[in-house]
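*Asks:* Below is one structure. I have some questions about it.
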Amino acid sequence: MRTKVADCLKKVTPGTIVDVRGWVRTRRESKQGFAFIELNDGSSFANLQIVADKSLPDYEELIKLVQTGASLAVTGELKDSPAQGQKVELHAQTLKVLGQADAAKYPLQKKGHSFEFLREKAHLRPRTNTFGAMARVRNAICDAIHRYFQDRGFLYIHAPIITTSDCEGAGHMFQVTTLDLAKLGQLQGSRISEAGKPFEIDYTKDFFGKKAGLTVSGQLEGEIFACSVGDRYTFGPTFRAENSNTTRHLAEFWMIEPEMPFYELEDNMALAEDFVRSVIKNVLARCPDDLQFFNDRIEPTLLATLENISGHDFIKLTYTEAVEILLKSGQSFEYPVGWGKDLQSEHERFLTEKHFKQPVILTDYPREIKSFYMRANDDGKTVRAMDVLVPGIGEIIGGSQREERHDVLISRMQECGLNPADYWWYLELREYGTVPHSGFGLGLERTVQMITGMQNIRDCIPFPRTPKSADF
RNA sequence: UCCCCGAUAGCUCAACCGGUAGAGCGCCGGACUGUUAAUCCGUAGGUUCUUGGUUCGAAUCCAAGUCGGGGAGCCA
C-alpha cells in the first residue's frame with residue numbers, strides 16, 4: 001500500500017514501515033557506502049529524504065541508477081532525522097528503480113532553469129518546484145472558487161463552448177468548421193482572380209448550418225439561467241483569437257462568470273470583493289508551503305500583498321473620481337487622462353499600485369467606452385460597469401449591472417451599431433418577466449498570477465496557448 | 001498588430017575596433033562529507049538560429065525570415 005510523501009511528512013508516526021513512490025530530485029552520495037535521496041511525488045512541496053546504504057543488495061550498482069528524474073519505489077522505516085533540515089527520513093530496506101533517467105540527457109538540472117526554457121519542456125516542468133507548486137495552488141484556487149459559490153447556493157451551469165452567436169464582439173473568435181479549407185482555398189483563389197470580388201462561403205453547408213466559433217464569454221447565456229433558476233456561475237474555458245503578446249493574455253483561458261438576479265451594481269461589487277478575499281484566505285490556509293516558496297523565490301512581497309488584499313476593504317470609487325485623482329496626481333503619463341477616454345494600463349496601475357496600494361473597484365464608466373448590455377445611469381452619460389483592479393496584475397474582474405429595460409437595450413444596441421434581430425432571445429429575456437440583474441467575469445489564470453506572484457501568465461496554466469504556440 | 005531587445009556548449013551567459021570560441025553551473029571521473037541547490041580537483045562537450053550579402057577574413061557588419069522576451073493596444 002503506497003503512502004504519499006505528504007502523509008509521510010505530516011501524518012505517519014515515526015517507526016512505521018512505509019512504501020513510497022516518486023521521482024528523484026537530487027542524490028547526495030558518499031563513497032563510504034551511503035547516500036541521501038530527495039524524493040518528490042507531487043503530493044507536497046517538500047521532498048522526503050531517503051537514506052540508502054550498502055545494506056541494500058547490489059548497492060553500488062543500484063545507487064548509480066538513482067539519478068535526477070528517475071522514478072523509484074522505496075520501502076523502509078520512517079525515522080526521526082538526526083540532522084537539520086527535515087523532521088523525518090526514510091531508511092530504505094528495499095529500493096527499486098522503476099524508470100531510469102539518463103543524467104547526461106535529462107533536461108532538468110538540480111539547479112534552476114529559466115521559465116522560457118521550461119515552457120519548451122511542458123511535459124517535464126511540473127516536476128520542478130515552481131510548477132509543482134503552481135499545479136497545487138491552481139487546484140486549490142479552483143476548489144475554493146467552487147466552494148465559495150456552492151456554499152452560497154449558486155448553481156454551476158455550463159455555458160456552450162461552441163457558439164453561433166457572435167455576441168458582445170469581445171475579441172475575435174476562433175472559427176469552428178468542418179468545411180474543407182483546402183478546397184475552399186482553391187475555389188477562393190480562382191473566384192477572386194476571375195470575378196474580382198470577395199468569395200462568399202456558404203455556411204448552410206457547414207456542420208451547424210451557420211458560421212460557428214469557440215465562445216469568448218458565457219455571459220449572455222448565463223443571463224438566461226440567472227433569470228430562471230437564480231444565482232448561478234460558469235467555470236470553463238474561453239477562447240480569444242486576439243494577437244495578444246503580453247504577460248497577461250492567453251488565447252485559451254478559464255473564466256468564472258457568476259450572474260445573479262435581483263442584484264444591483266452595489267450587490268455585485270460586494271460579492272466580487274468578498275469572493276476574491278475569500279478565495280485568497282482559503283488558499284493561504286491550504287497551501288502554506290507552496291506560497292512560502294513563491295514568496296521566497298518568485299515575489300518577495302507576495303505574502304504581505306495577499307494578507308493586505310484579504311484583510312482590507314477594497315477601495316471603491318467612480319470612474320469620474322478616478323479621473324480627478326489622476327489629473328491632480330501631478331504624475332506624467334504617456335497617454336493623456338481625460339473624462340471620456342478609457343483608462344490605460346498605466347493609469348490603472350497608478351491607482352492600485354501607487355495611489356491606494358490596494359485593490360480598487362472602479363464603477364460608472366462613460367457609456368461610449370463600454371458594452372451595450374451595461375445598464376445606463378440616469379445621468380445619460382455613464383453605465384453601471386465595474387472593474388476590479390489589483391496591484392501587479394491590473395484588471396482581474398470586469399462586470400456590470402445588466403440593462404433590463406427592453407426599450408433602453410434596443411436603443412443602446414442601435415447606438416453601438418448592432419442589429420437587435422441578432423439578439424432576439426437576449427431581448428426576449430427583457431420582454432418576459434425582466435428583472436434587475438448583475439454579474440462579472442474573473443480570469444482564473446490572472447487569479448493564479450495574483451496568488452502565486454508569477455510574472456508571466458503562460459506559467460500559470462499547464463499548457464499555455466498563445467499566438468504561434470500550441471505545442472503539447 | 002505596433003515599438004524595443006535577444007538567439008553562441010545540456011542550462012545561464014561572455015567574447016573590446018571584424019582576425020577562426022570562453023566562464024559558471026550541469027554531466028562524467030576522482031577526493032571528501034549525516035549530506036541539505038553540499039564542497040574541492042580534473043576530463044569531455046560548439047555547423048555561434050536560417051538564408052543571402054559585404055570582406056582577404058564574419059559569432060561580430062548589412063538585409064530578409066523564423067523563433068523567444070519585454071512594453072503597448074485589446075481584455076479576463
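*Asks:* Look through the range A:413-424, keep the residues that are in contact (Cβ under 8 Å) with a residue 12 or more places away in the chain and farther than 19 Å from residue A:221 by Cα, and return whichever of them is farthest from RNA strand B (Cβ to nearest atom).
*Replies:* Only one residue tops the list, namely A:415.
*Asks:* I want to confirm something. Restricting to the range A:273-330 and keeping residues that are surrounded by 18 or more Cβ atoms within 10 Å (Cβ to Cβ) and of a type in the set (S, T, N, Q), which single residue is farthest from residue A:114 (Cα to Cα)?
*Replies:* A:282
*Asks:* Another question about this same structure. Filter the range A:52-64 down to the residues that are surrounded by fewer than 17 Cβ atoms within 10 Å (Cβ to Cβ) and either near RNA strand B (Cβ under 9 Å from one of its atoms) or under 17 Å from residue A:104 (Cα atoms) (or both) and list them by number.
*Replies:* A:53, A:64
*Asks:* All but one of (1) in contact (Cβ under 8 Å) with a residue 40 or more places away in the chain; (2) more than 8 Å from RNA strand B (Cβ to nearest atom); (3) closer than 21 Å to residue A:3 by Cα hold for residue A:49; state the number of the condition that does not hold.
*Replies:* It is condition (2) that residue A:49 fails.
*Asks:* Going by what's in this entry, would residue A:401 be described as among the polar types (S, T, N, Q), crowded, with 20+ Cβ neighbours inside 10 Å and in contact with a Cys (Cβ under 9 Å, 6 or more places away or on another chain)?
*Replies:* It is false that residue A:401 is among the polar types (S, T, N, Q), crowded, with 20+ Cβ neighbours inside 10 Å and in contact with a Cys (Cβ under 9 Å, 6 or more places away or on another chain).
*Asks:* Take residue A:384 and tell me if it is within 10 Å of RNA strand B (Cβ to nearest atom), basic (Lys, Arg), within 28 Å of residue A:341 (Cα to Cα) and buried (at least 18 other Cβ atoms within 10 Å of the Cβ).
*Replies:* When the stated conditions are applied, residue A:384 does not pass them.
*Asks:* Evaluate the following for residue A:75: is it away from RNA strand B (no atom under 15 Å from the Cβ), over 22 Å from residue A:132 (Cβ atoms), touching a Ser or Thr at 6+ places or on another chain (Cβ under 7 Å) and not charged (D, E, K, R)?
*Replies:* yes
*Asks:* Closer than 17 Å to residue A:27 by Cβ, in contact with a strand residue (DSSP E or B) (Cβ under 9 Å, 6 or more places away or on another chain), aliphatic (A, V, I, L, M) and in contact (Cβ under 8 Å) with a residue 12 or more places away in the chain: does that describe residue A:88?
*Replies:* Here the answer is no, as residue A:88 does not meet what is asked.
*Asks:* Considering only residues of the range A:87-106 that are modelled with pLDDT under 90 and within 6 Å of RNA strand B (Cβ to nearest atom), which is farthest from residue A:22 (Cα to Cα)?
*Replies:* Looking at the filtered set, the residue picked out is A:104.
*Asks:* Just to be sure, is residue A:76 more than 30 Å from residue A:140 (Cα to Cα), surrounded by fewer than 16 Cβ atoms within 10 Å (Cβ to Cβ) and outside the structural domain of residue A:134 (by TED's automatic domain parsing)?
*Replies:* So residue A:76 does not fit the description; no.
*Asks:* Quick check on this structure: which one of A:105, A:110 is in contact (Cβ under 8 Å) with a residue 12 or more places away in the chain, of a type in the set (Lys, Arg) and in a loop (DSSP other than H, G, I, E, B)?
*Replies:* None of the others qualify; the one that does is A:110.
*Asks:* I've got another one for you. Quick check on my filter: what residues within the range A:4-39 are in a loop (DSSP other than H, G, I, E, B), within 14 Å of RNA strand B (Cβ to nearest atom) and free of Cβ contacts under 8 Å to residues at least 60 places away in the same chain?
*Replies:* Passing the criteria: A:31, A:32, A:33.
*Asks:* May I pose another question? In this structure, does residue A:399 turn out to be free of Cβ contacts under 8 Å to residues at least 24 places away in the same chain, outside any helix (DSSP H, G or I) and within 16 Å of RNA strand B (Cβ to nearest atom)?
*Replies:* Here the answer is no, as residue A:399 does not meet what is asked.
*Asks:* While we're looking at this one, here's another question. Where residues in the range A:191-204 are modelled with pLDDT of 80 or more and surrounded by fewer than 10 Cβ atoms within 10 Å (Cβ to Cβ), which of them is nearest to residue A:162 (Cα to Cα)?
*Replies:* In this case the residue turns out to be A:204.
*Asks:* Moving on to the next point. Let me spell it out: the conditions are (1) more than 9 Å from RNA strand B (Cβ to nearest atom); (2) not in a strand (DSSP E or B), and residue A:371 meets all of them except one. Which number is the exception?
*Replies:* Here residue A:371 meets the rest and fails (1).
The values are calculated or read from the model by the stated rules, or taken from the named source; none is laboratory data. All figures in this text were calculated on a predicted structure; none of them were measured in a lab. Quick reminder, even Gly has a Cβ in these numbers, built from the backbone with ideal geometry, and neighbours come from all protein chains shown.
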